[in-house]
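Right, one structure below, let's go through it.
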Amino acid sequence: MSEEKNPWTINASELKYDNPWLSITEHQVTSPGGKPGIYGVVHFKNQGVGVAPYEDGCLWMVGQYRFPLEQYCWEIPEGGGPWGEDPLDTAKRELEEETGLTAGRWERFLEMHVSNSATDEWVIVYLARDLQRGLAAPEHTEDLRVRKVPLEEVFAEVEAGRITDCMTVASVYKLMMLKAQGKL
């Protein structure tokens, strides 16, 4: 794919909000069409990492209440790690903390921007296999349930719009594609 130059002009920038996890910057801009405007950008201070723990045709899922959505959600184990930390180390830590699982095989599975119209958040998802069970140790902000669910059942929940987390949705579609190709 060809790369194009930036058609936006940034005239001024101001940090509007900052905490240990994210910052929001408001940019005074001139749009590609030549009109003045504003553009807010959310910058994440950690790299997003997800894990698709897969075994015996099933995906291990984590359920938790998501404060921003005000609802309970089922998703793959996921979290964040500082930039500069190997994302595989983050994935291993998140999987064990949230589920008690460790994996003997890891594969970098997906990479994506989550919502590139408003944020620079970059996530990496790993496929974890050869799973061993242990004790979970969730963070104080997490009240988690863990379930092993047949992939087809998770796919049906995605298709019905009941699972909407982007890392989970993308992982489930990729797993279904690999399964259809006989690569899983």
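The values are calculated or read from the model by the stated rules, or taken from the named source; none is laboratory data. Just so it is clear, the model here is predicted, and its values are computed rather than measured. Ideal geometry is used to build each Cβ from the backbone, glycine not excepted, and the neighbour counts take in all protein chains shown.
List of remarks:
Condition check ((1) in contact with a helix residue (DSSP H, G or I) (Cβ under 9 Å, 6 or more places away or on another chain); (2) in the same structural domain as Leu131 (by TED's automatic domain parsing); (3) not aromatic (Phe, Trp, Tyr)) across all residues:
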| position | (1), (2), (3) |
| --- | --- |
| Phe67 | no, yes, no |
| Glu78 | yes, yes, yes |
| Pro87 | no, yes, yes |
| Ala103 | yes, yes, yes |
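- Which listed residue, of Pro36, Pro53, Pro20, Pro32, is within 30 Å of Leu101 (Cα to Cα) and exposed (fewer than 14 other Cβ atoms within 10 Å of the Cβ): Pro20
- Residue match in region 34-50 (condition: more than 30 Å from Ala136 (Cα to Cα), touching a Pro at 6+ places or on another chain (Cβ under 9 Å) and touching a residue at least 24 places away in the same chain (Cβ under 8 Å)): no
- Matching strands (runs of 3 or more DSSP E) fully within region 84-180 where at least 1 residues are without any contact (Cβ under 8 Å) to a residue 60 or more places away in the chain and surrounded by 14 or more Cβ atoms within 10 Å (Cβ to Cβ): 101-113
- Scan of region 64-83 for residues that are out of contact with any strand residue (DSSP E or B) (no Cβ under 8 Å at 6 or more places or on another chain) and either among the hydrophobic types (A, V, I, L, M, F, W, C) or assigned to a strand (DSSP E or B) (or both), ordered by number: Phe67, Leu69
- For region 7-51, a residue qualifies if it is within 25 Å of Cys166 (Cβ to Cβ) and part of a loop (DSSP other than H, G, I, E, B), and the qualifying residues are Trp8, Asn19, Pro20, Trp21, Lys45.
- Single match in Val29, Val49 (criterion: among the aliphatic types (A, V, I, L, M), at pLDDT 95 or above and over 25 Å from the mean Cα position of the chain (by Cα)): Val29
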